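Below is one structure; the comments refer to it alone.
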Amino acid sequence: MIKVSVNGEIKEISENLNIKELIEALDYRTKGFAVAINTTFVAIDSYEETTINNGDMIDILAPVQGG
Amino acid sequence: MTKHMQTDNNTWEIGGKTLSSRLLIGSALYPSPANMEEAIQTSGAQIVTVALRRQAAGEGAGNDFWNIIKSLGIEVLPNTAGCHSAKEAITTAQMAREVFGTNWIKLEVIGDQYNLQPDPFETVKAAEVLIKEGFEVFPYTTDDLVVAKRLADVGCKIIMPWGSMIGSGKGLMNPDNLLAIRKQFPELKLIVDAGIGKPSHAVQAMELGYDAVLLNSAIALAHDPVKMADAFKYAVEAGRLGYESGVMQKREFASASTPTVGRPFWHQNT
């Protein structure tokens, strides 16, 4: 197991997960969202080829109201 | 029956779109989602601002909001609100492009938490990168002419100077500065963003020759947001018509408007 931060919350996850597997493991059901790892955007096309590493900071953002 | 004049051509262009409304509206702070939806529709706005925030797993929160916005069928302008560096803003813009399916971005890089004043250095830096990446950048900036020049230099076709601090409702703090930007950049699309508190502020911005105004709190925090949305719709139109009509020159002294010829007898000996 490795420790990562998901939206500021520390979580233990299996090793060698890619982003697609992480999102499924976390049970994200929001339809529209985008992902950044260590403050760098990861495009949806790269989810399967991007492996999560120990200590990664993952941000998953979705639409909200804004001015 | 009164005849209602229309603004020249009745349309304007921004970011590759042809629009009729010159009001851009925010989607935050309304008493309820239903109220937001009705206010946006009543305002006649064809551009609505939205944002991205961390989302909890599970329920799919955020879907309801996004579905309402999509159902309005108007242009979506995502913002980078809350970012404090060019790097953060660039990442947020890239994420917004994927989620919202638009290359439009309201670039907002805050430099001071007290007055939410934009950071001009980071804003220009982010704008340059984003334009190279194909974004249509709507930069939120102060009313500083030189910052506007720097933004134009890196390729911004749109500039959004503040009227006053975000959410303050103070109106146009420095109309002279706003006018200087308008005079110096006739070819750019200029939008007064932030600080507008009441319809007369929007009229004033439009009379200066600004292409549009962007506001949120003034409508959402009104006692009756839907009615206020209607008021702003007319205010923006009135201001634009006023600008296009050509405002009279100010005079130092009084000048009678009623004809002096044919004055009645009691003026004969004066």
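Both the radius of gyration and Dmax for the protein assembly as shown are 23.8, 105 Å, in that order, over alpha-carbon atoms. Counting only DSSP H runs of at least 4 residues, each contributing -39500 (n - 2.57), and dividing by the residue count of chain B, the helix-based mean residue ellipticity at 222 nm comes to -11500 deg cm²/dmol. Per the Debye formula on identical point scatterers at the alpha carbon atoms of the stretch B:54-160, with no solvent, log10 I(q)/I(0) at q = 0.19 Å⁻¹ is -0.93. Straight-line reach from B:Lys132: taking Cα to Cα under 15 Å and skipping same-chain neighbours fewer than 8 places apart, the aspartates and glutamates in range are B:Asp153. For A:Arg29, the residues whose modelled amide H falls within less than 5 Å of its own, excluding neighbours fewer than 5 places apart on the same chain, are B:Gly58, B:Gly60.
For chain B, the C-alpha radius of gyration sits at 1.14 times the compact-globule guess of 2.2 N^0.38 Å, with N the residue count. Taking a Cβ cut-off of under 11 Å around B:Gly44, the surrounding Lys, Arg, Asp and Glu residues balance to a net charge of 0, with basic ones at +1 and acidic ones at -1. Along the axis of the charge dipole computed for the protein assembly as shown (Cβ charges of +1 for Lys and Arg, -1 for Asp and Glu, origin at the Cα centre), the listed residues B:Ile47, B:Ile181, B:Ile110 are led at the positive end by B:Ile181. With the Cα gyration tensor of the stretch A:2-61 giving a ≥ b ≥ c as the square roots of its eigenvalues, does the rule (a/c under 1.5 for rounded; else a/b larger than b/c for prolate; else oblate) give rounded, prolate or oblate? It comes out rounded by the Cα gyration axes. Computed about its Cα centre, the charge dipole of chain A is approximately 240 debye, with only Lys, Arg, Asp and Glu carrying charge at their Cβ. So which GluC sites (Glu not before Pro) in the stretch A:15-67 end up in coil per DSSP with only 10 or fewer other C-beta atoms within 10 Å? The qualifying sites are A:Glu15, A:Glu49.
Pairs from the table (B:Lys70/B:Lys157; B:Lys125/B:Lys227; A:Lys31/B:Lys157; A:Lys3/A:Lys31; B:Lys87/B:Lys198; B:Lys149/B:Lys227) lying more than 31 angstrom apart at Cα are B:Lys125/B:Lys227; A:Lys31/B:Lys157; B:Lys87/B:Lys198; B:Lys149/B:Lys227. Among the chymotrypsin sites (Phe, Trp or Tyr not before Pro) in the stretch B:103-135, those placed in a DSSP loop whose Cβ has at most 14 other Cβ atoms within 10 Å are B:Tyr114.
Out of every Cα-Cα pair in the stretch B:149-221, what percent are more than 16 Å apart? In whole percent, the share of Cα-Cα pairs in the stretch B:149-221 beyond 16 Å is 42.
Rule-based calculations on the coordinates, nothing more; no lab input. All figures in this text were calculated on a predicted structure; none of them were measured in a lab. Don't worry about glycine lacking a Cβ; one is built from the backbone with ideal geometry, like all the others, and counts go over all protein chains shown.
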